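Step one of this worksheet: look at the structure below.
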């Protein structure tokens, strides 16, 4: 298994997952219910768009960070393939988690759990990313393409650890309000997607500074 | 991040989005309603096919132009990755916008908004394409693979600006008639897809001369 | 645009289309209607499996032949990109045509049209393939990677022309019986997929000898 | 046809199939039935998650093993392309088989057949994998990139043969209990995915030691 093929397959899964998100945005079946306009119905679906944009940007950032991480690698071992597969699973499941979040955000029952599942999926994704980074940087550094000083490797690793924090907070706050959870996930996505934070975004998971 | 990987991921997203469009073409559930033939039902679905072909050709053209644009680049910076992600989002959302257009074109309510959302998505796509082109050609020209004279760079950029115009018109005319909007988008797609206009099609977004 | 990128994008669209076919195979919603076993219900869905296998093999063959064709090319011109886009559209639409065929095969109304649309899509695909081959081999031979004698180029082209014939017959016979149409398409798929006919399969569309 | 393109197309199909699995995880439509919580409903769907994880890991392992196998090859012949297409078909059909398993596991009718279809699909996949391996290692060894001693080739082949066994047992035991079938398939997936068994996992199908 070469690093190139690992990247190509990961790219494929991530590209399909990010594009499948659109299937969650349903067209309201015409004709519209009496007294409702399409504008009303579409506007009422705002949680769908908010969750879509948040998930799209987050997957986009994890894709960028995934490449930065894998590019450091000379050749993967079986543990890296396994951890990468788990990371891909947490990404591939996002169309479901996003749909759940969007469908229950405005409900009076189930909204807290839906939000917890949503940010919980990001949390698991960030944890797998960090574990993969740890294995690569601290456990098997001899597999790196170029030697990196221990100090620098630790620094990169700790950055991806800090990336876990906002999702842990967002998941905990799902008990309080699903809006807060979605807001934190959206803020994290916008913060790392925006080019201002470019320095850090290239060294960790979706959520790292 | 290399230009090659940026292209591969973009190709993946665009290939999935263009192929997912087919999910909008629903098979009428048998048995058919009494007194209706399959030919009648399928023929009545013509907005679905018209929107499908228009979106398919438009995504095909944007794919061609995307490569022409990215091929000029030596190495992307974070701003390019971010703008490219926004461009991909506007493409990935097209299966929804296409479905909305097709479902509401013949309705007596919601048809104007549906058409505005449809051409509006193309408009946003063309705007992101132009912004990306501007960043690449005029803001960060030192990232180009080969030096291009300022005069020529401006020319390429202005071409992609003009590509925005038909979609702006189509979106405005959605207030008048959704048929006009679909007609303009279809005409733009056919015009740039057809090899006669090959000179210009290789320098801009879907809509540029 | 390089030949490599043209192949990669075409591969992407073909890989997505061939895999999306599975969405046509629906799981019967449990609990089953009284007095029916799952075996009965699944067995009654045999047109779905027959159409699935036929379409899967046919797309697989067209993928093989597409590469043999494109590999001969040094660099595509705009006409080739355009014809290739039309070819990809005819492939991308196959999940719909396959679903239509499967859903109406056993119906007493609409079955002839459904079969005609199914083999008609293959016919259009074979025609686009032949047109693309003609452009490449006879109109723009200077774009070939290696010089091929006119005699040989004509031979390859005529082979892809003969590939159109079975689909034309299958489409005409849809008026008589949809079973005959599906049978011909399935026979063509099996004939070209099977390694016995390997000599010819590398020179044309799904249906060529 | 080069080995590289064969890998790229196979990667594409496998990446799409593995990601499409998520479409089987449906969000329960809000509002929830009276007296039910979202936690209850989601927890009741555990067969969906169990089948999802099992299929995801199994496809991931077959992807790894597919590369190990194809990397040995210098250039594919038509038989290899054909067998590979059949292997891809057995993988592409997994989203359906997974859905069937998940939907019927807890039913009192159809559950045995559903389980047999599920592990039967893995069985067919393992058989195609073994057949492909046999053709490559024992029938056409002159197509290998590097010469491998007969002894070693036989060893690799027999490993993929043993990979068929657990799926044969799981399929037979579907008559007894669908839970046992799912349990065996899950155990096989976890066993080969886990890095502990890394030595063998790189030489055969999903199920080989």
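The values are calculated or read from the model by the stated rules, or taken from the named source; none is laboratory data. Only a predicted model underlies this, so the values are computations on that prediction, with no experimental measurement involved. Neighbour counts are summed over all protein chains in view; Cβ atoms, including those assigned to glycine, are modelled from backbone coordinates with ideal geometry.
For region C:157-177, the condition of being under 21 Å from residue B:25 (Cβ atoms), within 14 Å of chain B (Cβ to nearest Cβ), modelled with pLDDT of 95 or more and part of a loop (DSSP other than H, G, I, E, B) holds for none of the residues.
Entry remark, region A:135-147: residues being surrounded by 15 or more Cβ atoms within 10 Å (Cβ to Cβ) and in a loop (DSSP other than H, G, I, E, B) number 1 in total. Among the residues of region C:1-29, not one is more than 30 Å from residue B:63 (Cβ to Cβ) and assigned to a helix (DSSP H, G or I).
Please verify whether residue D:27 is facing chain A (nearest Cβ under 9 Å), more than 26 Å from residue D:106 (Cβ to Cβ) and surrounded by 17 or more Cβ atoms within 10 Å (Cβ to Cβ), treating the condition exactly as stated.
no
Restricting attention to region D:84-101, the residues that are more than 8 Å from every other protein chain (Cβ to nearest Cβ) and either modelled with pLDDT under 95 or not in a helix (DSSP H, G or I) (or both) add up to 0.
Taken as a whole, the structure places residue A:105 among residues that are within 12 Å of chain D (Cβ to nearest Cβ), more than 21 Å from residue B:19 (Cβ to Cβ), in contact with a helix residue (DSSP H, G or I) (Cβ under 7 Å, 6 or more places away or on another chain) and surrounded by 21 or more Cβ atoms within 10 Å (Cβ to Cβ).
Which residue, of D:121, D:131, is in contact (Cβ under 8 Å) with a residue 40 or more places away in the chain and assigned to a helix (DSSP H, G or I)? Before you say what the answer is, go through the steps one by one.
Details: D:121 fails: in contact (Cβ under 8 Å) with a residue 40 or more places away in the chain.
Matching residue, one of D:121, D:131: D:131.
For region A:30-51, a residue qualifies if it is within 8 Å of chain B (Cβ to nearest Cβ), in contact with a helix residue (DSSP H, G or I) (Cβ under 6 Å, 6 or more places away or on another chain) and assigned to a helix (DSSP H, G or I), and the qualifying residues are A:38, A:39.
So is residue C:81 part of a helix (DSSP H, G or I) and within 14 Å of chain D (Cβ to nearest Cβ) or not?
On the way: part of a helix (DSSP H, G or I): yes; within 14 Å of chain D (Cβ to nearest Cβ): no.
So residue C:81 fails the test.
When restricted to residues that are facing chain C (nearest Cβ under 9 Å) and under 20 Å from residue D:188 (Cβ atoms), region D:112-129 contains 3. Has region A:57-75 got any residue that is in contact (Cβ under 8 Å) with a residue 60 or more places away in the chain, away from chain B (no Cβ under 12 Å) and buried (at least 22 other Cβ atoms within 10 Å of the Cβ)? The answer is no; no qualifying residue exists.
Would you check which residues across region B:1-23 are closer than 21 Å to residue B:95 by Cβ and more than 9 Å from chain C (Cβ to nearest Cβ) and list them? Before the answer, list the steps.
Looking only at region B:1-23, we keep the residues that are closer than 21 Å to residue B:95 by Cβ, and these are B:9-23.
B:9, B:10, B:13, B:17 - these are the residues of region B:1-23 that are closer than 21 Å to residue B:95 by Cβ and more than 9 Å from chain C (Cβ to nearest Cβ).
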